[in-house]
Amino acid sequence: MPKVHIRTYGCQMNSRDSEQVARMFQEGGYTVTDQETEADAILVNTCSVRDQAEQKALGKMGLMGAYRENRPHVVYGFMGCMAQSRGEELFERVPHLDVVVGTQKYHKVFEYVDGILSRRLERRMDDPALSLLGDHVCDIDEEDGSQNTIRDHVPQEHQATAFVSIMQGCNMRCSFCIVPDTRGKERGRPIPEIVEEVKRLADHGVREVTLLGQIVNLYGRTEFEKIDGKSPFVQLLEAVHEVEGIERIRFTSPHPIGYRDDLVAAFTYLPKLCSHIHFPMQSGSDRILRAMRRPYKHAKFVEICEKMRAAREDLAITTDIIVGFPGETEEDFQATIDTCEQLRFDNAFVFRYSKRKDTPAAEMEDQLPEREKEERNQRLLTVVNKYAVAKNEALVGSIQRVLCEGPSKTNKARMSGRTSQNKILIFEGDPHKLTGQLIDIRVEETTGFTLYGEVV
């Protein structure tokens, strides 16, 4: 039985895409392995949001080429956003590469890889020297209906949570972002198909689903009608909420554009919606937001956050922020700090601006030096961490409702779960009894970003 190794870089959507590819290989008779040294096919699912992610993927693929010395039949492939944006160029960068498959062709990966591997193994039986001849596939074309191909899962024993892809692509043109070019235009899946996928997950014991979209709250806006003043996304939330067995619903990531009152109101009457939103702000400066082509002002972002907190008293808000964007002055940066002080996020992912090829921001004047970006990064992290730590410390002594996800990734002897506010809680317990269960945990201590407690 052949084996495939799949390595994923980047976001939750990439993880979900990789799971779909893994399922296809399993259905084709392959075993998915964590050991790259024993794999017959090695696939890397790539990200292009930041240059660092691309360099990691290229570096790892380069190192893994050494396995050909002992296993000349191994098939190597790149998938995902970097594959989409670089295409044929990658064969020049990585001489042992066999397959490059873009973001709308995940459903073709198995066909391409298995075809090459089968031909190589047949040739090798006749003459080992022939095993590497003539195999090269690059498919980065657009394909209608590709959003409907990410629908299958790899069921795990005692699986508590799962990601559900509800759409592909993005119609926004943020000046720093390459995603519209790598993921294509917005395309939403029909609500009944998504609900059916969620039902299958619930039947396998999944208790929490996270709905995924590049701008998830804009789901279906070009394809489906509003009903009773409710957007297609709110209609989807209501439909998923009705699925028996699903206890919690999350979604990521929304955009201030399209974050209407119907979505705010949904948090008042859909109790399965978790009390957490990850809501990218990017900057607290209106001038920089304009340069980023983010079509909202600082005041609008703050207004939405305040409405959400009024709708759900225990709501946690996390965010994304870019520092060191071209032309960002100290005054602009201070506006971002001021907003973080005002909103007191539960946490934030702070990124130094990274040039991305073929984006408007890469050609802008007044590119900031790396040392200045790093200095601002550290200053902002100090502010963000101050509030994140304080909010966690305030939970010590409280009882939190947690969905147990199974053994902790860092210590298999302990269990890990998340609160509705998406805060990680570590505790002792039996994985066979607790995984997938909603349980009460008394918080005993915190290290700042992780909570520790005992089952009540």
*Among the residues of the stretch 196-245, which ones are hydrophobic (A, V, I, L, M, F, W, C), over 22 Å from residue 170 (Cβ atoms), within 21 Å of the chain's Cα centre (by Cα) and outside any helix (DSSP H, G or I)?*
206
*Condition test on residue 385, is it under 24 Å from the mean Cα position of the chain (by Cα), modelled with pLDDT of 95 or more and not aliphatic (A, V, I, L, M)?*
yes
*asked:* Criterion first (in contact with a strand residue (DSSP E or B) (Cβ under 7 Å, 6 or more places away or on another chain) and either assigned by TED's automatic domain parsing to the domain that holds residue 205 or at pLDDT 95 or above (or both)) does residue 416 satisfy it?
replied: yes
*Hey, among 94, 100, which residue is among the β-branched types (Val, Ile, Thr) and in contact with a strand residue (DSSP E or B) (Cβ under 6 Å, 6 or more places away or on another chain)?*
100
_Being surrounded by 17 or more Cβ atoms within 10 Å (Cβ to Cβ), modelled with pLDDT of 95 or more, of a type in the set (A, V, I, L, M) and under 30 Å from residue 353 (Cα atoms) is true for just one of 100, 75, 49. Which residue is that?_
100
*asked:* I need the full set of residues from the stretch 208-251 which are among the hydroxyl-bearing types (Ser, Thr, Tyr), surrounded by 17 or more Cβ atoms within 10 Å (Cβ to Cβ) and at pLDDT below 95, in order please.
replied: none
*Selection from the stretch 328-345 of residues that are touching a residue at least 24 places away in the same chain (Cβ under 8 Å), among the charged types (D, E, K, R) and farther than 8 Å from residue 284 by Cα*: 328, 331, 341, 344
*Would it be correct to say that residue 398 is buried (at least 16 other Cβ atoms within 10 Å of the Cβ) and hydroxyl-bearing (Ser, Thr, Tyr)?*
no
_I need a count of the residues in the stretch 9-18 that are crowded, with 22+ Cβ neighbours inside 10 Å and not aliphatic (A, V, I, L, M)._
4
*Only one of (1) on the phi < 0 side of the Ramachandran plot; (2) of a type outside the set (Gly, Ala, Ser); (3) out of contact with any Phe, Trp or Tyr (no Cβ under 6 Å at 6 or more places or on another chain) fails for residue 319. Which number is that?*
(3)
*Breaking point among (1) in contact with an Asp or Glu (Cβ under 8 Å, 6 or more places away or on another chain); (2) closer than 24 Å to residue 173 by Cα; (3) not small (Gly, Ala, Ser), for residue 250*: (2)
*Looking at (1) in a helix (DSSP H, G or I); (2) touching a residue at least 12 places away in the same chain (Cβ under 8 Å); (3) out of contact with any Cys (no Cβ under 7 Å at 6 or more places or on another chain), find the lone condition where residue 306 falls short.*
(2)
*asked:* All but one of (1) of a type in the set (A, V, I, L, M, F, W, C); (2) under 21 Å from the mean Cα position of the chain (by Cα); (3) part of a helix (DSSP H, G or I); (4) over 22 Å from residue 422 (Cα atoms) hold for residue 257; state the number of the condition that does not hold.
replied: (3)
*Do you know which of the residues in the stretch 352-372 that are touching a residue at least 40 places away in the same chain (Cβ under 8 Å) and touching a helix residue (DSSP H, G or I) at 6+ places or on another chain (Cβ under 8 Å) is surrounded by the fewest Cβ atoms within 10 Å (Cβ to Cβ)?*
358
*Using beta carbons and a limit of 6 Å, which pairs, at least six apart or on different chains, have the first residue in the stretch 143-163 and at positive phi and the second one at pLDDT below 90 and of a type outside the set (Lys, Arg)?*
none
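The values are calculated or read from the model by the stated rules, or taken from the named source; none is laboratory data. No experiment lies behind these values; they were computed from the predicted model shown. Cβ atoms come from the backbone with ideal geometry, glycine included; neighbour counts cover every protein chain shown.
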